[in-house]
Amino acid sequence: MDRSLQILLVFTFACFLCTDCQFLKFVSLMEVMAKGDARFVGLKRACILSNVRSNQSDYPSTIVTFYQTDVFEPADVIRAWCETLKEGIGFTGQLGLSTIHTMKHYSQVYRIPFLVYNLAPTDFWDDFESQYLISIRPSIIPVLKDVIERHNWSKYAYLFDSDESFLRYANYMQRVPSHEILFKRVQKSNMTSIGLVLDRIQELEVTKVVVDCNHFMTETLLSMLAEKEMVTAAYHYVFLDMDINLATFPTLGGMNLTGFNMVDTNSKFFEYAFGTYHKREDYNSMTTEQKFVGFEASLAFDSSNAAIEAYEKPENGETEITSLNPPCKCDPNSKLRRSPIGATYANRIRNVSFTGITGHVAFNEGGARTNYSVDVLSLHAKTMKKIGHWSTSEGLFINTTLEQSVHSYSAGRVYRVASVIGEPYFMIKEGNVSNGTAKFEGFCVDLMEKINKVLEKKGKNISYKFQKVEDDNYGEPTMHGKWNGAVGDIIDGQRADFAVAGMTITKERQKVVDFTKPFMDFGISIMLKKPERQSRHFDFLGPFSIEIWICLFFALLGITLTLFEVGRFSENEWYTQSNGGEDERINEFKFFNSMWYAIGAFMQQGTEYSPRSMAGRIAGGVCWFFTLIILASYTANLAAFLTMQRMNTPIKSSNDLAKQTEVTYGTRLGGTTSAFFRESTIPTFQTMWQFMNNKEPSPFAQNAEEGWQRVSQSKDGTYAYLLESTTNKYYNQKKPCKTMMVEERLSSSSYGIGVSKSLESLTKELTLAILELRENTQITELETKWWTERGECGQDDEVMSSSGTHSLTLEQLAGLFYILLGGLTIAVLITLLHLIKRTLVEEQINLSRFTSLRFFQSLWNFGGASPSTEKKSVQDSPRTPTISTGSSSRDTAPLTLKVKSNST
């Protein structure tokens, strides 16, 4: 037999032997399953403690009658009430939502107080008041409201498992009407139902959850949350289970969990009531529920103490309660008989004030508990730690120092820093057998050293240890919703606290881990194999397109013909020269001379002669202007060709890749680059993803190095690899120097340090350090160290832009040809007008002959034979003019007109 029960029977028997003894007799209504559990023991222990005191004083002994019934069924509760009404002056025990109003009515009618310990009526109805039904369980709603307001929640889920928690939610909603709450019920012993509820929360991306369930459902939920990987630092839970500190926590990933507690396990009352509970003879045969010493067991102890305390210590001026008779009767056929001492006793209970296992115990006039305090707990390393308290007088108080010690970093802690093996970010030193951070090198290792130096200046430096990610992934959700790679290690909370790697900041990752400000920006680029350089003997033709060269030929021909025509018909282009007593009319712009003049202008060399007439000079000036622009354009574009050493490759952009099928292309299998193409809505990138996804054999690579090797070893550049531009630049500098980068940025992204969401303060400090390093160019220095100084190929042909040098087209220089054509046309027109005028005047040709063949013959014959140009040494006798061409062997001999004298 239980020793506590033996003691109770001994004292009870002793009291019956004493005729002068006073007895405090009360009844405890308990649910059937509660017999023998910790709540039962709590009530008994309180009575035993009272009897021990009465044996040493004049206080009456306590006798409690336990009555098991269905406390949630009104008929059963009324039956139990009537059957035990004569047994005592008060009741204590459990009630349900369906019976609490019944007992409120009966206790009021019979004036017998009822101390309930499993419900707080004001949690469900703000206006609930009773003189005789008194609740020792405090309301949790004001505590919840203040905690939610402190965390500034406006959208969250609320999980419940009973009618009580449903009504508590309804009452809570009246106090926060503007909040957006996902309300879901979890069914007991239905794992499928729980799983569906949690899936729905994940689907809606709700990361803040209030859980209002009993302790055993809380244990089940914690286990399910771990299975669903909803225990990361991205999530924050508030559990209303007052026994959350007794829960068994699975492997958690740094989730934020807030709970409450009122039980002081260090108090002498708790030790007396439950200190030897686990030593019971039948302990091993008890169920889990019976073994559990929770909040309700402590409330049961305190409720008995409140009843005893009120009986033993009357208020000043009150008469002692000595008469327990006549007893009340619950008989509808007899006259109603109320308790003569019930009102006095109920008033005493409402006025008690003592410290019990659940803290300070006191009640207001409405029978609700008041002046109580609730400890606020937070999860840290599988243990609930106190970070503050809530009280009816002060409200919520959180010790920020304690809170930061739980949610932030500490100087004595060694942080686990995850990174992914990959050049030049994180590498294992060759020939190094040391352990810890010393065995690694790379950009990320140096970056972390510089960050810690910045933190050291502020007195906030940390201890850390690098470790490689086992699966060599940066992190993405798997088919089952779990995260792998570095992100998965951070979420787990046991393998890493934060990750310093070439890890892209994405929306999906940001949901489960925090990121610092970027320490490096990049874009997706294309890696190609350098084509073999071909010897081209006519590269000098490259600056101009074929259309330009054709137009240049006709421009040269047009200038030649224009100068020849101007020279033939313009008077000023002829001059007289004596040659052996004969005067010769000379014109230097014959056809080949005109061509030579045009070629000389093009070559910027010039000739021995130049135009004399206005028309000729217009033609020459236009030719020079044309030549000036042509040569400047040619020289500039040729210099660009020689400087860029442009290579012949058909792939100059992502559009070129998408439009062809000869060159296979791929990216890293899993990661942000493949996700970019998979989720893109741009048609070009969608086409590229379909090609990569359907190509056989698979064009995907496990990592950047594998992709680089496939590009280098591909035949005739038939494989292209899509990767981050920073990594692309690095591998292009590695021997055998056969790769190059095309189109530096298809997108814009950034690398950042991923940090557990439970380390908010650390994230802030790392961000400030990164910003300082970027401002003073120390990160740029690290890039120079690992990308440039360690390069093996130099800078030649590292990047080929899709907007490189191209041949100038006719469209770009068409205006220049228009100017040339216009100038030449003006020159020809001026020449023709001048020639027509001179012919009409000097040959006296009337208008009727203007259209005759004779007129055009005159134009040709008198192309430059003007009498005004003859020298005075020539005789005035009539002369017959003859036109002759010099017989010089030089093609450039001027055109001459010999004039001979005839005798009269």
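The values are calculated or read from the model by the stated rules, or taken from the named source; none is laboratory data. Please read all numbers here as calculations on a predicted model, not as lab measurements. Positions of Cβ are backbone-derived with ideal geometry, glycine not excepted, and every protein chain shown enters the neighbour counts.
Condition (residue is over 19 Å from the mean Cα position of the chain (by Cα) and of a type outside the set (Gly, Ala, Ser)) applied to region 496-503: is it met by at least one residue? No, region 496-503 has no match at all.
Only one residue in Val176, Val186 is on the phi < 0 side of the Ramachandran plot, crowded, with 18+ Cβ neighbours inside 10 Å and either hydrophobic (A, V, I, L, M, F, W, C) or not assigned by TED's automatic domain parsing to the domain that holds Phe91 (or both). Which one? Testing whether each residue is on the phi < 0 side of the Ramachandran plot, crowded, with 18+ Cβ neighbours inside 10 Å and either hydrophobic (A, V, I, L, M, F, W, C) or not assigned by TED's automatic domain parsing to the domain that holds Phe91 (or both) leaves just Val186.
Taking (1) modelled with pLDDT under 80; (2) over 17 Å from Thr383 (Cα atoms); (3) not aliphatic (A, V, I, L, M) in turn, Lys228 satisfies each apart from (1). The helices (runs of 4 or more DSSP H) found wholly in region 69-150 and carrying at least 1 residues that are among the small types (Gly, Ala, Ser) occupy 74-84, 97-110. When Leu557 is tested against (1) modelled with pLDDT under 80; (2) surrounded by fewer than 18 Cβ atoms within 10 Å (Cβ to Cβ); (3) outside any loop (DSSP other than H, G, I, E, B), only condition (1) is not met. A search for C-beta distances below 7 Å between a residue of region 331-346 that is closer than 12 Å to Gln131 by Cβ and any residue that is modelled with pLDDT under 65 and not aromatic (Phe, Trp, Tyr), counting only pairs 6+ apart in sequence or on different chains, returns Thr344/Glu318; Thr344/Ile321; Tyr345/Ile321. For region 728-775, residues that are polar (S, T, N, Q), within 25 Å of the chain's Cα centre (by Cα) and either crowded, with 21+ Cβ neighbours inside 10 Å or not in a helix (DSSP H, G or I) (or both) total 8. Screening region 661-690 for residues that are free of Cβ contacts under 8 Å to residues at least 24 places away in the same chain and not hydrophobic (A, V, I, L, M, F, W, C) and picking the one that is farthest from Ser749 (Cα to Cα) gives Gln690.
Restricting the search to strands (runs of 3 or more DSSP E) fully inside region 382-499 and requiring at least 1 residues that are under 30 Å from Arg790 (Cβ atoms) and modelled with pLDDT of 90 or more gives 414-419, 463-468.
Of the residues Lys729, Lys734, the single one that is at pLDDT 85 or above and either aromatic (Phe, Trp, Tyr) or touching a helix residue (DSSP H, G or I) at 6+ places or on another chain (Cβ under 7 Å) (or both) is Lys729.
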